[in-house]
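The structure appears right after this line, and notes come after that.
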Amino acid sequence: MTMMQSLISQSGTFGHLIYTVPPGWKETKYQNGIQLGISPAPRELLTIQILQSMNFSGTMEQALEKSYDETCTILQVTKMREVSGLSYTAKDPKRSFKGWEYIRCSGGIHVNNGTPYPDEYGLELFVLKINNRFERIAIVKSRNTCGGLSRYYPSDRLSFHNAIEDFLFSLKFDDWTEPVVANGTLNGNVFTGVWQGLSLSVGLSKPGAPLGAELTVKHLILFSNGQAYFGKNFPFEGLDELNTWISAENDRRDWGYYSFNSSRGFLKLPYEEIPMRVENNKLIITTNKTDHGFIKQSPVDGTTFNGTYTMSEAYGIIPSISFSSDGRFVDKGAVRVLYHDNNGCTNPGITGGSGTYEVKNHSLIFSYSDGRKIKIAITGSGLGKNNPDPHVLILSFNEDRLSKQ
């Protein structure tokens, strides 16, 4: 690339493409592309490369293959081979909620560093079709080690992963009219909110379920825009600032739509349509010809706690966290466990600390005094007006239990 200038901006255009720079990222403009980058730590690299569009008459898969080869040529890197023998692993083509088709892949590349052992990087490619052309976005990321054998990409950090996904699905084009969509919230009709219950699932036999059938705890979240989430695990960070369309784009099995006519309705998922009805303040969901009652969880906004809660031993200590009713906390290893990331270089809760907390939209938001901001899901299980000071606090998408001391 031939560099023209270096600057920081909030938005820009390149050809027909209109993009928004992620907050905190640096934009560099070239004659034949745009680079957006951030250096999270020494020896780490993470960039988004906007490449020139391509006129091509082939399929999505063929356009991806051609674009991957061209990207490696532009970057002057050597393609690595996957276990399959291919240069990358591709996902099936999809049509986004914005109406355009896209395909994406990820692979490994070698960058010459002047030694017999070239550096290893990751290369992701996002190719989308607008009218008769293909737009191409590349994500280049260094492969780093963390304390020995543990390896990671900077994009393994959830904050950077979310920034990239937000960037990709916020792209606009001056020759494409996209549908108008509203993000889902819990402020809507009487059915919107978080529901929890047991559901019968049928699959392969395993210990505890030799016939393949078992009852599992499920979360049903009904949003104001008609979207629905129905899954075993609650969204990782809770629902605060959650983009429901992007979440559904990347997890199509657990996301769908719902509709009600009076007290009856249905939940439409990719794999089936599930009848629903309301009876005695319960939402009855019929899966595998079996009725299951779901209870609506109480809103958690503004909840405060008071006291010290501990977990089972982890990482050689008894993790604890202390809350005060004025919105302050002291974390001594609990958030590290609640975040469920064993890599110390990507887990933002690797060290303890103190600061302020807030409960909003089923997210427990920790704002550390050192600038860190970490969100942990809080479903609302065990909370309510009749239990303002719980002896057992259930936190995270994994519903971990913390006991009050």
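This structure gives semi-axes √(5λ) of the Cα gyration tensor in Å, computed directly, and of (i) 39, 28, 21; (ii) 34, 30, 20; (iii) 39, 22, 21 that value is listed as (i). With neighbours defined as other Cβ atoms within 10 Å of a residue's Cβ, the residues Ser320, Ser155, Ser367 order from fewest to most as Ser367, Ser320, Ser155.
Given Cα pairs under 8 Å that are at least 6 residues apart, what percent is the relative contact order of the chain?
Values: 857 pairs, mean separation 40.2, N = 405.
In percent, rounded to a whole number, it is 10.
Would you work out the charge dipole size for segment 3-173 about its Cα centre, treating the Cβ of every Lys and Arg as +1 and the Cβ of every Asp and Glu as -1, and quote it to the nearest 20 debye?
Working: 19 positive and 16 negative charges, 42 e Å.
Using Cβ point charges on Lys, Arg, Asp and Glu, segment 3-173 gives about 200 debye.
Relative to the current alpha-carbon distance between Asp301 and Lys26, full extension at 0.36 nm per residue lengthens the span by 95.5 nm.
Tell me, in nm to one decimal, what length is gained between Gln52 and Ser96 on full extension, where the rule is 0.36 nm per residue of separation less the Cα-Cα distance? Here the answer is 13.7 nm. By how many degrees, between 0 and 90 and to the nearest 10, does the Cα long axis of helix 158-169 differ from the longest principal axis of the chain? Helix 158-169 sits at roughly 70 degrees to that axis. For the chain, taking a cut-off of 4.7 Å between Cβ atoms, the unpaired cysteines are Cys72, Cys105. Residues in segment 62-79 carry Karplus couplings, in order, of 5, 5, 5, 4, 5, 5, 5, 4, 5, 5, 5, 5, 4, 7, 6, 10, 9, 6 Hz; the curve used is 6.51 cos²θ - 1.76 cosθ + 1.60 with θ = phi - 60°, and Gly or Pro positions show x. For the chain, the mean residue ellipticity at 222 nm estimated from helices alone is -3000 deg cm²/dmol, where every DSSP H run of n ≥ 4 contributes -39500 (n - 2.57) and the total is divided by all residues, rounded to the nearest 500. A straight Cα-to-Cα reach below 21 Å connects Lys282 with the lysines Lys218, Lys232, Lys268, Lys296, Lys385, residues fewer than 8 places away in its own chain not being considered. Structural descriptor for segment 3-173: relative contact order 22 percent, calculated from alpha carbon pairs under 8 angstrom and at least 6 residues apart. Stretched out straight at 0.36 nm per residue, the stretch from His161 to Ser324 would grow longer than its current Cα-Cα span by 55.5 nm. Relative contact order of segment 316-405: 18 percent, from C-alpha pairs under 8 Å at least 6 residues apart in sequence.
Rounded to the nearest 0.05, what FRET efficiency is calculated for Asn243 and Thr78 with R0 set to 30 Å and r the Cβ-Cβ distance?
Step by step, r from the Cβ atoms, then E = 0.25.
Of all DSSP-defined beta bridges confined to segment 307-404, some 95% are antiparallel rather than parallel.
Just how large is the dipole of the chain about the Cα centre, in debye to the nearest 20, putting +1 at every Lys and Arg Cβ and -1 at every Asp and Glu Cβ?
Details: 40 positive and 40 negative charges, 68 e Å.
Charge dipole of the chain: 320 debye, to the nearest 20.
Remark: spin-label model distance Tyr117-Asn281 equals 6.5 nm, labels positioned 7 Å along the Cα→Cβ axis. Label positions at Glu272 and Asn183, each projected 7 Å from the Cα along the C-beta direction, are separated by 3.3 nm. On the basis of the beta-carbon distance and an R0 of 41 Å, Asn225 and Asn343 show a calculated FRET efficiency of 0.70.
Read-outs: derived from the displayed coordinates by stated rules, not from any lab. Here the structure is a predicted model, which means the values were calculated and not measured. Here Cβ is always computed from backbone atoms with ideal geometry, including for glycine, and neighbour counts include all displayed protein chains.
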